[in-house]
Amino acid sequence: MTQQHNSTTEAPWKKTLSRLLKNKATVASLIILMVITLFTLLGQWFSPWELGEVDWDHIGTPPNWSAHHYFGTDANGRDLFVQTLYGGRISLMVGLLATAVSFIIGVTYGTIAGYLGGRTDTLMMRFVDVLYALPFMFFVILLTVYFGRSIWLIFIAIGAVEWLTMARIVRGQTLSLKQRTFIEAARVCGASHATIIRRHIIPNALGAVIVYATLSVPQIILFESFLSFLGLGVQEPLTSWGVLINEGAQQMESAPWMLLFPALFLATTLFCLNFIGDGLRDALDTKDTR
Amino acid sequence: MLQIILKRLQIAVPTLLFVITVSFFMIRLAPGGPFDSERPIPKEIAENLERVYHLNEPLITQYGYYLWNILHGDFGPSFKYQDYTVSELILQGFPVSLSLGLLALLLALLIGIVLGSIAALRQNSRVDYLVMTFAMTGIAIPSFVIAPLLALFFGVMLGWLPTGGWGSWQQMVLPVISLSLPQIAIVARMTRASLIDTLNSPYMLTAKAKGLPLRLILLRHALKPTLLPIVSWLGPATAAIITGSVIIEQIFGLPGIGRYFVNGALNRDYTLVMGVVIFYGVLIILMNLLVDLVYAWLDPRIRYEE
Amino acid sequence: MKPIKSSLLPLIVCLLSFLFSTTLLATELHRGNGAEPKTLDIHKSSGVPAANIERDLFEGLVIAGADGRLIAGAATTWQVSEDGLRWTFTLRKNSQWSDGSKVTANDFVFAFRRALDPNTGSEYAFILWAIKNAKAISKGNVKSLEALGIKAIDKHTLEITLDHPVPYLPSLLTHSMAYPLPEKVIKTFGKKWVKPNNMVSNGAYTLAEWTPHSHIKLIKNPKFHAAESVKIDTVFYYPTEDSSAELKRFRAGEIDLTDAVPSTEVSWIKKNLAEAYHNPPYIGTYYYAMNLEKAPFANNPDLRKALNLAINREILTDKITKAGEFPTMSWVPEGMNHYKTQRTPDSKLSQKERLEKAKALYKKAGYSKNKPVEIEILYNTSDNHKKIAIAISAMWKQTLGVKTTLRNEEWKVYLNSRTQRQFQVIRASWIGDYDDASTFLDLLRSDIGTMNPSSWKNKTYDSLMKQAETEADADKREKMMQQAEQIMLDDTAIIPIYHYTSKHLVNPKIKGWVDNVMDVHSSRFLSK
């Protein structure tokens, strides 16, 4: 978390934490998510197979412990256990990266608009409205066409599109914070605009933003899987849960393990992230988020 | 009321112009063209095609032509589906997407609000977790997994429902369900969050303290404020669900317009993709206007502010 | 997720067909047809989906029979002049359009002129370029359409004059570019002549309904000259781009014929739907092309040959693609009319011997495990291409130590990279346009522009192919083309991988389906 210089905000954070811990689903989700993250980071240690290594004797075979294919192999004879854990890294990273980008743009844009207010605010928010009228889908597809398959560029691009809602939330928060007495007090004490924004507005608007950000991570992970369905996902030899699930879904009857394992990981992760987001929202008691 | 409408319409024109300009140049500058195919066309033939479709003129001239044409309601012929104009394709696909989308939204509202309310009333209990886990299925498992599973189970194994096609009500069941699942999740969690907020608000506490029966409190005092966020969500959601059902359309072989956003862009069907992008823009603007009106009607405070 | 028992399926099919036969008098055929057709305008269309439908709607001078072999269509007989340049077709006297008017030689003259008119914008105009003045008209160098080498001698006699002899002309004439059109209808409706109600056709069926991305409905044409032999009354064509979804619809009994089969499900289908599965050879070759304009492949036949030999095609088709494809080191597929496919000496080696040779050549080209060549394989987005690229890159890596990376591009970007030659090794495939080896061999000519996949150039090859083009004697022609194929394979102009098979599921109730190498199946020859 960012530094909390404002002592008035410390007590609410404690209250928030205790409220958060009361929500068992959130706590359980946090633990499971940590386990999954650890698995994606350390799982390789348990397998003799490497990413992209082809086992010509086991092509498209179900889980087989003696050959150390714990999750079976895919249609190219690559170990699914290894694929799943590397896929998890990409999926999680993509979700985090895109969210981080939208977080940075959205918070900056929203605070500026809300803080300056008046005509600038109207103009800046109009622009957001206008951008909303562009179909997201079309935009992202063209970006994948332009950037080829440089996955990082694509997800920075998604983040750059996703910031719209973030900006709206932050702006709303900033507008209401501006009226509060402690901001007034800071201004009277001669704090510069930059200081006020950095020290007072942003930390206090963070609650709502964090909730939204937590919820947009699973959205983006799901969106990545959707791009994979359209064949616009990550480039070989990298893989993602979306790519694996899409391959598995095409042979759900003949090779169910190819769908089952990655889908299990994806679904669990998404459930957890959503529960964490909901829990945070309950605990932070912020109205302005969906 | 009138003020709201006027305000919205005022920004509609620059919005659309922006949308048209950005997408026109974005699609045009993408590598490849509508006539590229596995078999490269001989140069002379390619030139004929470009002349027939005015693709040989400078881009800015073409942009001018395009604006002029759409001002006259002419969206041109599709490059890919050459026997149809863009307007014909959209008009043919829109009713399909609209009926599917509205039914799915209706289903999502019904189930989502019920599930969300149950969860909110039992916040942090086992019921809450169970209900929300169920509700969230649609945003935890990709629809391209759920939809084929439904088709396989109800269509192929049980033989109860058709697995694809368009024409009868039976053919709508599976697509509507698949389409509504993610929306159920969204509605349920919005209802839950919103109802928890409402229940914790001072006037609700007062109502409870007065000893009013819970059902009455819910119906008389909690319903409206709880629904407000859902109403504002409905606008963009309707536009999104009508236009964004490409996966469901592909899996169930439905003639909707969602696929044109994806395939139009991938095929470099310049006119078609522009047509649907503009259509989407108009739809969003109309939906937002509608939401504003409903909102004003639901929440008197907004009316006074105006 | 247990598959339904295979014994259950026939039962369901029987039950369904019983229901249908009692409730519906008309016999319906439901065909999966791949993509939504771009257009049904016979001169502007391209691609198999449109060709399938147009074949049911129109009848050309010569048509493909149930087995794909050429039989008389709108023409009953034809003669060729000694020099092979003048072809005379005698038309059927009882041929009618669906509006009742007679099909005459003028309808063909009108149609051919429209096909080559630059204002029509036909993608496939080159199919007819052998006709006198056709190329010049198409390019806009000759303005008068009357100059085209086709004329109606009388109502029922048509004469086509060629620029150079084309022994396989009848095979070209089965293409939709060579169908007749009624001038009157085109003049009345303009571009809209292809819409249901407007379209007038001379084939076994007429166009009744067309809802894009939903279905195209054809009904039997009572005016068709062989109408009494047509057993199916109504044909539905469904766009089925998602072959997994198509498979489900087939299993649910909603469609009778599938356009394709998901390659991932082939082994499951062989086990569970064996009697419905059809998997005959098809005239196409899947291959890898190397960019010969740049290093490392330019002037480096040893490296090319090493890479060619290091691919184990048997493993690829047996374990990866699994749909009965024929592993190959030749270019022209087997079974083309009057052509014996060439084999290289290398293809007779065992896999082990090939590997030894590959390693030696790789070394000779100056590379080794420590000093590997770095290669990028470009393929367009598709699961099948991806699987093959992964397997081939693994083979090159494991046997030679080549450092490979994969690049996957969306279709139009891929095509752009291909014509701009922005690749090192590229996945490609070629499906023959007509039943003659030249449809394959012409591709490697240096005067064909960017169509030549690898920019391979060879003077002897070019002159052999040029000679073959004007050679009227079929045996001599075959010899020339065989010699050319040998040259091209010997220099590893491209790396052939396998010859295609077509893959269909056909409801066992359907009669009259004959597997054929051209993969053409007119509905008029089928019954239920």
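The values are calculated or read from the model by the stated rules, or taken from the named source; none is laboratory data. Just so we're clear, the structure is a prediction, and the values are computed from it rather than from any experiment. Positions of Cβ are generated from backbone atoms using ideal geometry, with glycine treated the same way; all protein chains shown enter the neighbour counts.
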Please go through the stretch B:140-154 and pick out each residue that is part of a helix (DSSP H, G or I) and within 13 Å of chain A (Cβ to nearest Cβ). B:Ala140, B:Ser143, B:Phe144, B:Val145, B:Ile146, B:Ala147, B:Pro148, B:Leu149, B:Leu150, B:Ala151, B:Leu152, B:Phe153
Within the stretch C:293-341, can you find the residues that are buried (at least 21 other Cβ atoms within 10 Å of the Cβ), closer than 15 Å to C:Ala365 by Cα and aliphatic (A, V, I, L, M)? C:Leu303, C:Ala306, C:Leu307, C:Leu309, C:Ala310
Are any residues in the stretch B:71-102 without any contact (Cβ under 8 Å) to a residue 40 or more places away in the chain, part of a helix (DSSP H, G or I) and within 14 Å of chain C (Cβ to nearest Cβ), and if so, which ones? B:Glu88, B:Leu91, B:Pro95
Here are some residues: C:Ile63, C:Ile53, C:Ile42. Which one is under 19 Å from the mean Cα position of the chain (by Cα) and more than 14 Å from chain B (Cβ to nearest Cβ)? C:Ile63
Among the residues listed as B:Gly235, B:Gly165, the single one being within 14 Å of chain C (Cβ to nearest Cβ) and either of a type outside the set (Asp, Glu) or part of a loop (DSSP other than H, G, I, E, B) (or both): B:Gly165
Per-region count, the stretch C:403-438, residues within 30 Å of C:Ala64 (Cβ to Cβ) and either facing another protein chain (nearest Cβ under 8 Å) or among the hydrophobic types (A, V, I, L, M, F, W, C) (or both): 7
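Quick grid of which residues meet (1) away from chain C (no Cβ under 14 Å); (2) among the polar types (S, T, N, Q); (3) buried (at least 24 other Cβ atoms within 10 Å of the Cβ); (4) in contact with a Gly (Cβ under 8 Å, 6 or more places away or on another chain):
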residue: A:Gly233; (1), (2), (3), (4): no, no, yes, yes
residue: A:Leu238; (1), (2), (3), (4): no, no, no, no
residue: A:Trp241; (1), (2), (3), (4): yes, no, yes, yes
residue: A:Leu260; (1), (2), (3), (4): no, no, no, yes
residue: A:Ala263; (1), (2), (3), (4): no, no, no, yes
residue: A:Asn274; (1), (2), (3), (4): yes, yes, yes, no
residue: A:Arg281; (1), (2), (3), (4): yes, no, yes, no
Can you name the condition, by its number, that C:Lys371 falls short on among (1) modelled with pLDDT of 90 or more; (2) crowded, with 16+ Cβ neighbours inside 10 Å? (2)
Collect the residues in the stretch A:123-147 that are free of Cβ contacts under 8 Å to residues at least 12 places away in the same chain and more than 10 Å from chain B (Cβ to nearest Cβ), keeping them in residue-number order. A:Leu123, A:Phe147
So B:Leu89 fits all but one of (1) at pLDDT below 90; (2) touching a Leu at 6+ places or on another chain (Cβ under 8 Å); (3) within 30 Å of C:Ile431 (Cβ to Cβ); what number is the exception? (1)
Which numbered condition trips up A:Leu227, out of (1) under 30 Å from C:Pro262 (Cα atoms); (2) within 8 Å of another protein chain (Cβ to nearest Cβ); (3) in contact (Cβ under 8 Å) with a residue 60 or more places away in the chain? (2)
Residues of the stretch C:343-368 being within 26 Å of C:Ala484 (Cβ to Cβ) and exposed (fewer than 14 other Cβ atoms within 10 Å of the Cβ), in sequence order, are C:Pro345, C:Lys348
Testing C:Lys270 on (1) surrounded by fewer than 18 Cβ atoms within 10 Å (Cβ to Cβ); (2) charged (D, E, K, R); (3) touching a residue at least 12 places away in the same chain (Cβ under 8 Å); (4) within 14 Å of chain A (Cβ to nearest Cβ), one condition comes back false. Which one is that? (3)
For B:Leu105, which of the numbered conditions (1) more than 8 Å from every other protein chain (Cβ to nearest Cβ); (2) over 17 Å from B:Ile196 (Cβ atoms); (3) free of Cβ contacts under 8 Å to residues at least 24 places away in the same chain; (4) among the hydrophobic types (A, V, I, L, M, F, W, C) fails to hold? (3)
Check on B:Leu174, closer than 25 Å to A:Tyr132 by Cα and either within 21 Å of the chain's Cα centre (by Cα) or not assigned by TED's automatic domain parsing to the domain that holds B:Tyr260 (or both): no
Name the one entry in A:Gly95, A:Gly88, A:Gly52 that is of a type outside the set (A, V, I, L, M, F, W, C) and in contact with a strand residue (DSSP E or B) (Cβ under 8 Å, 6 or more places away or on another chain). A:Gly52
Picking from C:Ile426, C:Ile497, C:Ile510, which residue would you name as being outside the structural domain of C:Ser393 (by TED's automatic domain parsing), in contact (Cβ under 8 Å) with a residue 60 or more places away in the chain and surrounded by 16 or more Cβ atoms within 10 Å (Cβ to Cβ)? C:Ile510
How many residues, within the stretch B:261-287, are within 10 Å of another protein chain (Cβ to nearest Cβ) and in contact with a strand residue (DSSP E or B) (Cβ under 9 Å, 6 or more places away or on another chain)? 0
From (1) within 20 Å of B:Glu88 (Cβ to Cβ); (2) within 14 Å of another protein chain (Cβ to nearest Cβ), pick out the condition that doesn't hold for C:Ala208. (2)
For the stretch A:210-225, state whether one or more residues are surrounded by fewer than 24 Cβ atoms within 10 Å (Cβ to Cβ) and in a loop (DSSP other than H, G, I, E, B). no
Failed item in (1) in a loop (DSSP other than H, G, I, E, B); (2) touching a residue at least 12 places away in the same chain (Cβ under 8 Å); (3) of a type in the set (A, V, I, L, M, F, W, C), with B:Trp160 passing the rest: (2)
Of the numbered conditions (1) over 30 Å from A:Ile201 (Cα atoms); (2) away from chain B (no Cβ under 14 Å); (3) over 17 Å from the mean Cα position of the chain (by Cα); (4) not small (Gly, Ala, Ser), A:Ile112 fails exactly one; give the number of that condition. (1)
Under the condition of being aliphatic (A, V, I, L, M) and at pLDDT below 85, which residue from the stretch A:228-250 is nearest to A:Tyr86 (Cα to Cα)? A:Val234
Here are B:Leu212, B:Leu219, B:Leu227: which of them is part of a helix (DSSP H, G or I), at pLDDT below 80 and not aromatic (Phe, Trp, Tyr)? B:Leu219
Does C:Thr439 meet the test of being in the same structural domain as C:Ala295 (by TED's automatic domain parsing) and in contact with a strand residue (DSSP E or B) (Cβ under 9 Å, 6 or more places away or on another chain)? yes
Cβ-Cβ distance below 6 Å, separation of 6 or more or different chains: which pairs start in the stretch C:470-484 with a residue that is over 23 Å from C:Trp129 (Cα atoms) and end on one that is of a type in the set (Lys, Arg)? none
Of all residues making up the stretch B:4-22, the number that are in contact with a Gly (Cβ under 9 Å, 6 or more places away or on another chain), at pLDDT 90 or above and more than 7 Å from every other protein chain (Cβ to nearest Cβ): 2
